[in-house]
């Protein structure tokens, strides 16, 4: 594959990932603006919005529909009663969406060959994707923030999470202007993690997990696998 073709293909993959991972905006009781991320997923049974549990907690707490207290997901308004479940131990939550909602949110749903997706293994190439608040902008009552992604190899795996060190200073590409080392990436929570599946000529992205924690000091990002999410959005407990 030529250099321009490679750039075009990388941009296509980035655009696809960005379409199924969207920003979430809401205000707290003091009307301070917050944001997180949510991933649109079609399990074959339901269309879900999967996010970090602490993002869902804020949506339930603050987004009562009163003036200034809505929840914008992508370009759509999310009602808290769409919540399916909040995991009692893991930082995960699911919302029941629909094809029209995803379209209104200016996105598309990711699918996988079979549900649930397999959790990543150490050494696998992955992309961590989301919308950090440091790039959030507000104008005329509308919100926007930049899509950010980092690629690398999974470095740690447990039955609860997997993660890697971003090493921002030496990162080759992250979908945005150069990110400062040790930057605060709050707002990434709820963003998607994709496994990069490669063959001799092409690569594709396969949904693998949800970001829930990031340490600016150590530049460590952690995600939960979604193997505990049933096809209807409920959680399967061990």
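Before moving on, here are some points about what is shown:
- Dividing the summed -39500 (n - 2.57) terms of all DSSP H runs of n ≥ 4 by the residue count of the chain sets its mean residue ellipticity at 222 nm at -4500 deg cm²/dmol.
- Among 115, 218, 16, sorting on how many other beta-carbon atoms sit within 10 Å of each Cβ, with the fewest leading, yields 218, 16, 115.
- Shape index of region 18-104: Rg/Rh, with Rg the Cα radius of gyration and Rh the Kirkwood radius from the inverse mean 1/r over Cα pairs, equals 0.94.
- Inter-label distance, nm, simple model (7 Å from Cα along the C-beta direction), residue 143/residue 213: 2.4 nm
- Once divided by 2.2 N^0.38 Å, the Cα radius of gyration of the chain becomes 0.96.
- Peptide packing for 37-48, 122-133 was compared via the average number of neighbouring C-beta atoms within 10 Å per residue; ordered from the highest value, the list is 37-48, 122-133.
- Taking label points 7 Å from Cα along the Cα-to-Cβ direction, residue 75 and residue 198 give a separation of 3.5 nm.
- Relative intensity of region 69-200 on a log10 scale, I(q)/I(0) at q = 0.19, 0.22 Å⁻¹, equals -1.42, -1.56, per a Debye sum over C-alpha point scatterers of equal strength in the absence of solvent.
- What the Cβ-Cβ distance of residue 103 and residue 231 gives, at R0 = 25 Å and to the nearest 0.05, is a FRET efficiency of 0.70.
Each value in this text was obtained by applying a stated rule to the coordinates, not by laboratory testing. All figures in this text were calculated on a predicted structure; none of them were measured in a lab. Please note: Cβ atoms are built from the backbone with ideal geometry, for glycine as well, and neighbour counts cover all protein chains shown.
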